[in-house]
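The values are calculated or read from the model by the stated rules, or taken from the named source; none is laboratory data. Just so it is clear, the model here is predicted, and its values are computed rather than measured. Glycine gets a Cβ as well: all are built from the backbone with ideal geometry, and neighbour counts include every protein chain shown. For the accessible areas, the whole protein counts, side chains as well, though only heavy atoms, and no ligand, DNA or RNA atoms are used. Shrake-Rupley method; radii C 1.70, N 1.55, O 1.52, S 1.80 Å.
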Amino acid sequence: GALGDGAFWNALRSFDMTIYRAPDFAEAYNMRATVQFFMGNHPAAVKDIERALELEPRHFGALSGLGLVYIQRNELNKAKKAFEDLIKIHPNSPNARQNLDLVNEKLHFNLI
């Protein structure tokens, strides 16, 4: 990718340290989840997103990221729930609506 593997590992270590120093900082988990996602480590990304949401249930980026991870994993019902939860919190989010529409389309075509 645009960032070399080394940059991903450095970012991961940096967020590990932030989380070690500030274990209740939801955004650090969300950022680490983003790095995990780009490294292809989806289970770790989901785990970090879930922790971010425990700390901050209305975290827009974490819910959005969760939906995107589930789309990548083709877990469309879970993706649908993440985007629906996001819309409940942020009803005017155009990205959440677009992503929900995309998931609903994929679900519809999977049924055909």
Once both axes come from the Cα atoms, what is the angle between helix 94-111 and the longest principal axis of the chain, in degrees from 0 to 90, rounded to 10? 60
Accessible carbon and sulfur surface of the chain relative to its total accessible area, %, 1.4 Å: 55
Using the Cα gyration tensor of region 1-51, with a ≥ b ≥ c the square roots of its eigenvalues, what is the shape: rounded (a/c below 1.5), prolate (a/b larger than b/c) or oblate (neither)? oblate
How big is the chain along each principal axis, measuring the range of its Cα positions in Å and listing the largest first? 46, 29, 21
Going by alpha carbons, how many degrees (0 to 90, nearest 10) lie between the helix axis of 76-89 and the longest principal axis of the chain? 80
Gained length - residue 54 relative to residue 110, 0.36 nm times residue gap less alpha-carbon distance: 17.0 nm
Suppose R0 equals 22 Å. What FRET efficiency, 1/(1 + (r/R0)^6) with r the Cβ-Cβ distance, do residue 75 and residue 98 give to the nearest 0.05? 0.75
Mean-square fluctuation check for the chain, GNM, Cα pairs under 10 Å: which of 42, 59, 90 is largest? 90
Taking +1 at the Cβ of each Lys and Arg and -1 at the Cβ of each Asp and Glu, which of 49, 100, 14 sits farthest along the dipole of the chain towards its positive end, judged by Cα position relative to the Cα centre? 100
Folded to 0 to 90 degrees: helix 5-21 orientation relative to the chain principal axis, Cα: 80
Can you work out the FRET efficiency for the pair residue 89 and residue 38, with r the C-beta to C-beta distance and R0 = 35 Å, to the nearest 0.05? 0.90
Accessible area of the chain divided out per residue, in Å², using a probe of 1.4 angstrom: 62
Work out the length of the dipole vector of the chain about its Cα centre, built from +1 on the beta-carbon of each Lys and Arg and -1 on the beta-carbon of each Asp and Glu, and round it to the nearest 20 debye. 120
